[in-house]
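Comments concern the structure below.
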Amino acid sequence: MSNVPSATPPHDPANPPPPAGADAFAADVQTFWEKNRSFVLVLVAAVLLGLIGREGWQWFQTSHEQSVQEEYVKAGDNVGSLAKFAAANKGHALAGVALLRVADDNYTKNDFKSAAANYTQATETLASDALKSRAKLGAAMSQIAGGDRTAGEAALKAISADTKAVAATRAEAAYHLAVLLKDAGRADDARKAIEDVKKIEANGLWAQRAFALSAQLDAGKPAAPATTAAPTVEFKPKG
């Protein structure tokens with residue numbers, strides 16, 4: 001048997017040799033790093049700044065939202081404070097709520113011009129469809145009470161036809177429209193509006209009033225005064 005050692009020395013199983021080409025790959029990585037070190041560092045820094053910026057922005061938004069909510073609570077029921085809050089937080093949903101409350105106060109004090117303006121402005125920032133349609137109804141009733149019956153009639157028609165609005169608000173708008181048309185001597189148009197009330201909310205409060213209004217219309221009697229289910233303001237045509 002030959003005692004000449006093998007040309008390929010044996011390897012320790014616990015320390016296997018590097019795979020073929022490993023040295024070349026390491027050299028390529030080193031070359032890439034030396035050539036692109038600045039770019040890679042800038043890229044990493046940009047990613048870190050982006051993450052920090054995102055977290056910072058989210059924190060700012062959360063903090064700002066909490067601050068706005070606290071300001072709204074501090075305003076309480078003071079109409080002047082609510083108006084200032086709305087002016088200082090234009091575009092925020094709570095500013096719309098504040099304007100809605102200010103408009104309610106305007107309406108109850110018979111300041112229909114201011115009420116119409118504030119209701120209209122509130123619709124631009126209110127997030128809730130229910131509150132938005134209520135503000136539109138308030139604006140329409142303020143226009144009518146303020147003497148602009150043509151604009152009020154058009155607004156009531158639009159609200160009653162708005163499928164995004166709450167059914168009760170649509171029915172109320174149709175009822176007020178029927179009263180307006182009846183008072184104007186437009187009996188046929190009033191009857192059509194009454195039918196719209198029944199179609200929108202067949203078993204609701206406004207449907208019941210529509211039935212009564214229909215009977216009054218047939219008997220030639222004046223319409224009973226209308227009120228709203230909203231607790232903060234009574235929408236009643238004046239004039």
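In this calculation the C-beta distance from Ala184 to Ser81 is compared with R0 = 41 Å, giving a FRET efficiency of 0.55.
As a proxy for reagent exposure, Arg101, Arg186, Arg170 were ordered by neighbouring Cβ count within 10 angstrom, fewest first; the result is Arg186, Arg101, Arg170. When peptides 172-182, 202-212 are sorted by average Cβ neighbour count within 10 Å, with the highest value leading, the order is 172-182, 202-212. Sorting Lys136, Lys84, Lys164 from the fewest to the most surrounding beta carbons within 10 angstrom yields Lys164, Lys84, Lys136. Ala202 sits among other residues whose Cβ lies under 15 Å from its own Cβ, and their net charge, with Lys and Arg +1 and Asp and Glu -1, is 0. Amide H contacts of Asp162: none lie under 5 Å away among residues 5 or more positions distant or on a separate chain (H built 1.01 Å from N in the peptide plane; Pro and chain starts excluded).
None of the figures in this text is laboratory data; all of them are computed from the coordinates on show. Since this is a predicted model, take the numbers as computed values, not measurements. Using ideal geometry, Cβ is built from the backbone for each residue, glycine included, and neighbour counts are taken over all protein chains shown.
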